[in-house]
Each structure stands twice: as C-alpha cells, then as structure tokens.
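A.B. asks: Handing you this structure, nothing more for now.
The values are calculated or read from the model by the stated rules, or taken from the named source; none is laboratory data. All of these numbers come straight from a predicted model, not from anything done at the bench. Cβ coordinates were reconstructed from backbone atoms using ideal geometry, including for glycine residues, and neighbour counts include every protein chain displayed.
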Amino acid sequence: MKEKVAVVYGGFSLERDISLISGKRVVDVLKRLGYQVTPFELNKDNLTELFGLKNHDLVFIALHGKFGEDGRIQSLFDLSGIRYTGSGALASAICFDKEITYRITREITKQPYHLKLCSNEEIEKLDWSYFPAMVKPNSEGSSIGIELIQNPPSLKPALSKGLKLYGDILLEHFITGRELSISVLEINGEPVVLPILEIKPKKRFYDFEAKYTSGLTEFIVPAPLSEKQVEKLVQLSKEVFSILGCRHMIRIDGILSDNEFYFLEVNTIPGLTELSDLPQSAKAMGMTFEELIENVVREALRNKKEVP
C-alpha cells in the first residue's frame, strides 16, 4: 500500500478559487495512483487542525498566495515535524517577496528598473520617468492587483490604491517583448528545466483574467527559441533555483526583449489547473499530469523531516 498523503488546498488568500481547482485535481490523481489520500480544504476555522496531519507521510501543499506560498504554513509544518511538498519556509518567504527576490538574484539576472513603495509619503516624493510602468503588489500571485500605467498623471493614484489594497507595492518599468514561463522540476534530486512556454495573451498583458479564462491566451510550448537562447535560459533557471534554495518545483516568469531575458519573479507553488503553465510544459516533455504529481511526491518523500 502506498503512503498516506494529505492534500491541503483552499486557504484564505485572494487565490483561494484557483487553489480549490489545483487541489481537487491533485486529490483525484493521487487516488488514481493508489495513495491513501486525505483532502484538507483549509479555512480560518480549521487552521489548528493542520497539526493533526502529523500522522501522514506527506502533505501536498496546493495552496496559492498568502499562508500558502509565503513560508508561514511551511514553518508550521517544520515545527510540527511534518514533511511537505515544495520549497522550504525560507525559500518560500523569499520568493513570495518580489523585491527581496530581485535583490538576491540581481548578480545573475537582468531586471527591469523597479522600486518598492511602502507608504504614501514615499509615493508623494516619487520621481519616476519610466513609462509604460507596471504597478503590482509586492507579495501576491496570479497577477492579482497588477495595473499597467501609460502616463504620469495616472501613476500616483494607482500606487495609492495599490498600497491601500495590498500593502507594499512594486513599481516596474514595463518591458515590451515575449512573455516566457520556465518551469523547473526536481527529478532524482536534480533540477530539470522543462520545455519553455511562451505566453501570448489576447489582452495587452497576462493578467488574472487572461491566466484563468480559456481562449484568452495562446500557449506555445516549446517556445520558438534558438538553441543558444534555450541553453542560456536553462542555465539561468538552474542558477535561480539554486541561489534561492528552492526544491521540487518552481516557475520562473520573465520577458524576452531584444534577445535579453528580463527576470520578473519566481512562483514556488505553480498552479496545477488545466490552463496552468507547469502541467503544459511537463506534457511537452512527454510527462503526463499523473507522472508530474507522482514525481513531486517521490521527491518530497526523499527529503528528511525537519525536527524542531
């Protein structure tokens, strides 16, 4: 009989609905693969019941957003001696903070000019001349809260709105180019870069609606790139995976412009919906969704439990 695996999904972030889809797909697959599966739909009322998952061999984390990807639930599991999928607490916390991720990777990546803004005082004093510009929450996923700004009069109102809704805000120069999604999957303890996916949204940019609405985005995998371009991106992705201390699976987002790859962010719990990038890249490599999930589980079971 295979191991006992709990799948935690849902949660209470702005990405709850996406997590529900990812989590239920994982539950169905693990059952078909013969694991003893416990579905756990997380909400604010059953938070303390997470400690009861200690009697499982593994927790598959299918949460997205805050208290899913930000290192907090990972810390809870570490303190409880519970083995789980995905990056550890520190790597998760780092990658969920886009500005800190930029700082750590700036020696190995090319990045758009950006600033982090934490107060209305900083917004009032702001002197910014890079347009078009992108305003986004510093710590959210699924392109939640992003806004494209074309001219100076629109900038400060958008920043103030973002600060009020999401807290710290990241302001970036919007780079025009080809949007690439690079999935890295750990296989037998080594990071493997899957076929690179190119995203062509029918809107101006790849926002929440374009990500999760069928027909609004064209996905091309493998992306039409030269052999040299692929080699450079594969090497860079492995370096990012390593320097950030990630494990099991991540997705790297960036823009290819004038033959330069502009690194944007890392997602430590990539979506697992039918429209998500990681499953599509895995499929392009000849890996079924069942094989993808099985691989993540086997890699996680290789890791030692954290002992408090």
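A.B. asks: Of the conditions (1) free of Cβ contacts under 8 Å to residues at least 40 places away in the same chain; (2) in a strand (DSSP E or B); (3) within 17 Å of residue 264 (Cα to Cα); (4) of a type outside the set (Val, Ile, Thr), residue 134 fails just one. Which one is it?
C.D. replies: (1)
A.B. asks: Looking only at residues that are closer than 26 Å to residue 61 by Cβ, modelled with pLDDT of 95 or more and among the polar types (S, T, N, Q) in the stretch 233-277, which one is surrounded by the most Cβ atoms within 10 Å (Cβ to Cβ)?
C.D. replies: Per the criteria, the residue is 268.
A.B. asks: Name the residue, out of 73, 100, that is surrounded by 21 or more Cβ atoms within 10 Å (Cβ to Cβ) and not polar (S, T, N, Q).
C.D. replies: One residue alone meets the criteria, 73.
A.B. asks: I'm checking my understanding of the structure. Among residues of the stretch 101-115 that are out of contact with any helix residue (DSSP H, G or I) (no Cβ under 7 Å at 6 or more places or on another chain) and assigned to a helix (DSSP H, G or I), which one is farthest from residue 170 (Cα to Cα)?
C.D. replies: So the residue we want is 103.
A.B. asks: Among the residues of the stretch 192-217, write down those that are within 18 Å of residue 273 (Cβ to Cβ) and either among the β-branched types (Val, Ile, Thr) or at pLDDT 90 or above (or both).
C.D. replies: Within the stretch 192-217, 194, 197, 199, 213, 217 meet the criteria.
A.B. asks: Can you pull out the residues in the stretch 225-238 that are farther than 16 Å from residue 252 by Cβ and under 23 Å from the mean Cα position of the chain (by Cα)?
C.D. replies: Within the stretch 225-238, no residue meets the criteria.
A.B. asks: Yes or no: the stretch 225-243 includes at least one residue that is β-branched (Val, Ile, Thr) and free of Cβ contacts under 8 Å to residues at least 60 places away in the same chain.
C.D. replies: yes
A.B. asks: Then there's this: Output the residue which, of all residues in the stretch 116-129 that are under 14 Å from residue 172 (Cβ atoms) and surrounded by 15 or more Cβ atoms within 10 Å (Cβ to Cβ), is nearest to the chain's Cα centre (by Cα).
C.D. replies: The residue in question is 116.
A.B. asks: If you go through the stretch 143-201, how many residues are more than 16 Å from the chain's Cα centre (by Cα) and in a loop (DSSP other than H, G, I, E, B)?
C.D. replies: Residues in the stretch 143-201 being more than 16 Å from the chain's Cα centre (by Cα) and in a loop (DSSP other than H, G, I, E, B): 11 in total.
A.B. asks: Any residue that is assigned by the TED database to the domain that holds residue 101, at pLDDT below 95 and either surrounded by 15 or more Cβ atoms within 10 Å (Cβ to Cβ) or in a strand (DSSP E or B) (or both) - is there at least one of those in the stretch 218-232?
C.D. replies: Yes - at least one qualifying residue is present in the stretch 218-232.
A.B. asks: Among the candidates 155, 163, 170, which residue alone is under 18 Å from residue 15 (Cβ atoms) and at pLDDT 90 or above?
C.D. replies: The conditions single out 170.
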